[in-house]
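A.B. asks: A single structure is presented below for examination.
Please treat every number below as a calculation from the coordinates, not as lab data. Owing to the predicted nature of the structure, the values given are computational and were not obtained by experimental measurement. Quick reminder, even Gly has a Cβ in these numbers, built from the backbone with ideal geometry, and neighbours come from all protein chains shown.
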There are 2 protein chains.
Amino acid sequence: MRTACTGFNTDRAKINAMKYYPEPHLGLEYRDVNAVIEDVFAEHGRGRVRMPPKVYVLLEGGDFRTMPAYVPFLHMAGVKIVNMHPDNRKRGLPTVMAVTVLLDPENGRPQAVLNATSLTDMRTGAAGGIACRHLASGKEISLGVVGSGRQANAQIAAIAEEREIREVRIWSREVANAERLASMWRHLDARSDTLERVCGCDVLVTTTPSTSPIVKNEWIADGTHINAIGADAPGKQELDPAILKRALVFVDDIEQAVHSGEINVPISRGLFRKEEITGTIGQVILGFCGRRSKGEITIFDSTGLAIQDIAIARLAMQKASGIDLPFPF
Amino acid sequence: MRTACTGFNTDRAKINAMKYYPEPHLGLEYRDVNAVIEDVFAEHGRGRVRMPPKVYVLLEGGDFRTMPAYVPFLHMAGVKIVNMHPDNRKRGLPTVMAVTVLLDPENGRPQAVLNATSLTDMRTGAAGGIACRHLASGKEISLGVVGSGRQANAQIAAIAEEREIREVRIWSREVANAERLASMWRHLDARSDTLERVCGCDVLVTTTPSTSPIVKNEWIADGTHINAIGADAPGKQELDPAILKRALVFVDDIEQAVHSGEINVPISRGLFRKEEITGTIGQVILGFCGRRSKGEITIFDSTGLAIQDIAIARLAMQKASGIDLPFPF
């Protein structure tokens, strides 16, 4: 029913409006984000999403990635556009900024534009949380974190929803950065530590932009679960390839991981083969594969999927308030 | 210099703002649009743009295309997101709607979001105008238009900037639609006509979503220039492939045209070869190839390039007024 006497065709106005969400992350909690990320990974495991590989374009001092997808069970299509400029911090800008555009899959109409900068942190954190839920051994864990940036923080927050964290050990090239992050997680007994001791935790997450291995094979004990998050472009890697050979290796998406995940450099050098991938995280969630014993090392190689961006953007739209923008045609 | 006493850090506000342009086409004239499209095609001819092939994702009853590019000489990067839903008119929606997101290539920051629905019409029209400027024979022409939608109108407008139009003949499956378009161009002696007579004009533009040839070889006289606009996805074609064999065939981008342009079906059926393409419109503009005599048939196979979208969006930003959106991070 329409409000009388406004002289305003509300149906038409609805068609011609697009929403903008400047801070869509504010209403979100990892409990809910982890759940939608798990659901969309499972749908990926069932082969019921449409997601071409992300496309890279080189810019000055960085690049940007275009990530389109359609997720039928969420009734949502869209594209995330995200940059990577390693030197941005010097300019007072984040290394990574992102925008997501959502489309109605029935008619292609642009429904919303979201500032996806913090959503990108959260959906990547949630992927790590979900990998822990399904692959980490034990209910209570020590958590090692390599790197101290926004993604290091997101991993701790998302994993804390999935496991009891006994202690957090953080390593960063700059000790002060590790200590700053630790100070935010005092209630989980977080502190700065040596790289070797960080790698000795039950669960290890690596979040650096490294292009050569920084985690040594001899530091990784049997039974460890590793979230390898940092490598998301060709040439990047954080783990000694010898660790891959001792481990069950799971990826978010096989094509993307081979191209740009933790395994991309070892594969290009003949040190690891695509056929050695145990499965996708979606297949793990569906029960097709996974950890079989406490002593196994498991690795989750995360590259970041467009379907995660669609899923978190849709969740955010339900929780956050947006700005109405005219979209005449 | 900052205004005193506002308590507002204007530098920071600038960094944290993104513009939205709901009607960026309103201030634009084809004279200017044709010029920037010509410039960016020339830059493409010089090999100085970065543009991966557009990516298609199938939706319900349609698809959407993601088109990223970086154009260094414009100091602008971005992505156009555009749908194609042939049955949208029944729902009161345009077949094609589009959004462009622009990024600063130095730091990846999202600078602007534009409603690119009408910009898409204009930049495609301008491509046809520029092809006419460089390939059509004679200063005064008769113009044949196959199709009567938004793109048919855009082609007439853009070509009218480049040539004296003596008459316009328009054919559409629905005569009433052809007559409606003709009524908008009475001052150019526009009228509805048979398909054969439309194809007998000096310059012919085809703008339908046809998937089988509708323009017969015997209807095309020597010396004709054809803008083949409609075919922009695999399986689409409007021209009898025999016309290609009589003509010099120019494309906007070789990779895209082979995949989804007018030549895509003839190539897939072995009726035309990639090597038979004479050159790109950029190479024509630079003088490397083109029409050599009055009697030659020339074809411009337009698929629509992301660099056109970046160029027109940048021009529109300079002319149109936008809405300031917060973009906190």
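A.B. asks: Put +1 on the Cβ of each Lys and Arg and -1 on the Cβ of each Asp and Glu in the protein assembly as shown; which of A:ALA313, B:THR208, A:GLY47 then has its Cα farthest toward the positive end of the dipole?
C.D. replies: A:ALA313
A.B. asks: Please get the size of the charge dipole for the protein assembly as shown, origin at its Cα centre, with Cβ charges of +1 on Lys and Arg and -1 on Asp and Glu, quoted in debye to the nearest 20.
C.D. replies: 400
A.B. asks: While we're on this one: Springs between alpha-carbon pairs under 10 angstrom, Gaussian network model over chain A: which of A:GLY61, A:GLY295, A:GLY47 fluctuates most?
C.D. replies: Of the options given, A:GLY61 has the highest mean-square fluctuation.
A.B. asks: Considering only DSSP states other than H, G, I, E and B, which GluC sites (Glu not before Pro) in segment B:120-211 qualify as loop sites with at most 11 other Cβ atoms within 10 Å?
C.D. replies: B:GLU174
A.B. asks: Could you tell me which helices of chain A pass both thresholds, a Cα extent of 24 Å or more along their own axis and a mean Kyte-Doolittle hydropathy of at least 0.0, with helices taken as whole DSSP H runs?
C.D. replies: Length and hydropathy pass: A:117-135.
A.B. asks: Moving on. Are there GluC sites (Glu not before Pro) in segment B:231-329 that DSSP marks as loop and that have at most 10 other Cβ atoms within 10 Å, and which are they?
C.D. replies: none
A.B. asks: Moving on to the next point. Just to confirm the numbers: A:ASP189, label point 7 angstrom along the Cα-Cβ line, distances to the other copies in nm, shortest first?
C.D. replies: The answer, with the shortest distance listed first, is 9.2 nm.
A.B. asks: Place the label 7 angstrom along Cα→C-beta at A:GLU29 and in each other copy, then list the distances from the first to the rest in nm, shortest first.
C.D. replies: Its label point is 5.9 nm from the equivalent points in the other copies.
A.B. asks: Also, I was wondering about something else. Using a Gaussian network model of chain B with C-alpha springs under 10 Å, which one of B:SER268, B:SER302, B:SER118 is most mobile by mean-square fluctuation?
C.D. replies: Among B:SER268, B:SER302, B:SER118, the largest GNM mean-square fluctuation belongs to B:SER268.
A.B. asks: Next question. Using +1 on the beta carbon of Lys and Arg, -1 on that of Asp and Glu, and nothing else charged, what's the dipole of segment A:115-169 about the Cα centre, debye to 20?
C.D. replies: With only Lys, Arg, Asp and Glu charged at Cβ, the dipole is about 80 debye.
A.B. asks: A:PHE73 label points, 7 Å along Cα→Cβ, one per copy: pairwise distances from this copy to the rest in nm, shortest first?
C.D. replies: In nanometres, ordered from closest: 5.0.
A.B. asks: Turning to a different aspect of this structure: Add -39500 (n - 2.57) for each DSSP H run of 4 or more in chain B, then divide by its residues: what number comes out at 222 nm, to the nearest 500 deg cm²/dmol?
C.D. replies: Rounded to the nearest 500, it is -9000 deg cm²/dmol.
A.B. asks: Now for a different question. Based on the Cβ-Cβ distance from A:ARG292 to B:THR194, what FRET efficiency comes out when R0 is 60 Å, to the nearest 0.05?
C.D. replies: 0.25
A.B. asks: In the structure displayed, which of A:LYS274/A:LYS294; A:LYS236/B:LYS80; A:LYS54/B:LYS245 lie more than 30 Å apart, Cα to Cα?
C.D. replies: A:LYS54/B:LYS245
A.B. asks: Along the positive direction of the dipole of chain B (beta-carbon charges: Lys, Arg +1; Asp, Glu -1; about the Cα centre), which of B:ASN227, B:PRO94, B:SER183 reaches farthest?
C.D. replies: B:PRO94
A.B. asks: If the convex hull of the alpha-carbon atoms of segment A:268-329 is projected onto planes in all directions, what is the mean projected area in square nanometres?
C.D. replies: 9.0
A.B. asks: Further, regarding this structure: Of the beta bridges DSSP finds with both residues in chain A, what % are antiparallel, to the nearest 5?
C.D. replies: Counting only bridges with both partners in chain A, antiparallel ones make up about 45 percent.
A.B. asks: Oh, and also: List, largest first, the extents of the alpha carbons of segment B:135-304 along their principal axes, each in whole Å.
C.D. replies: Dimensions of segment B:135-304 along the principal axes of its Cα atoms: 42, 32, 28 Å.
A.B. asks: Using a Gaussian network model of chain A whose springs link C-alpha atoms within less than 10 Å, name the residue from A:LEU181, A:LEU271, A:LEU103 with the highest mean-square fluctuation.
C.D. replies: A:LEU271
A.B. asks: Based on C-alpha coordinates, I'd like the Rg and Dmax of chain A, in Å.
C.D. replies: Cα only, chain A: 20.4, 75 Å (Rg, Dmax).
A.B. asks: Can you tell me the FRET efficiency between A:LYS274 and A:SER321 if r is taken as the Cβ-Cβ distance and R0 is 60 Å, rounded to the nearest 0.05?
C.D. replies: So, using R0 = 60 Å, E works out to roughly 0.85.
A.B. asks: Still on this structure, please answer the following. Using modelled backbone amide H atoms (1.01 Å from N, in-plane), which distant-in-sequence or interchain residues come within less than 5 Å of B:ALA116's amide H?
C.D. replies: Sorted by chain and number, the residues that satisfy this are B:ALA98, B:VAL99, B:THR100.
A.B. asks: Of all beta bridges DSSP finds with both residues in the protein assembly as shown, what is the antiparallel percent, to the nearest 5?
C.D. replies: In the protein assembly as shown, DSSP labels about 45 percent of beta bridges as antiparallel.
A.B. asks: If one computes P(r) from the Cα atoms of the protein assembly as shown, what percent of pairs lie at distances over 40 Å?
C.D. replies: Here the tail beyond 40 Å accounts for 36 percent of pairs.
A.B. asks: Same structure, new question: Among B:TRP171, B:LEU244, B:LEU135, flag the residue with its Cα farthest along the positive direction of the charge dipole of segment B:135-304, charges on Cβ as +1 for Lys/Arg and -1 for Asp/Glu.
C.D. replies: B:TRP171
A.B. asks: If you don't mind, there's one more thing I want to ask. Please get the size of the charge dipole for chain B, origin at its Cα centre, with Cβ charges of +1 on Lys and Arg and -1 on Asp and Glu, quoted in debye to the nearest 20.
C.D. replies: The calculated dipole for chain B is roughly 400 debye.
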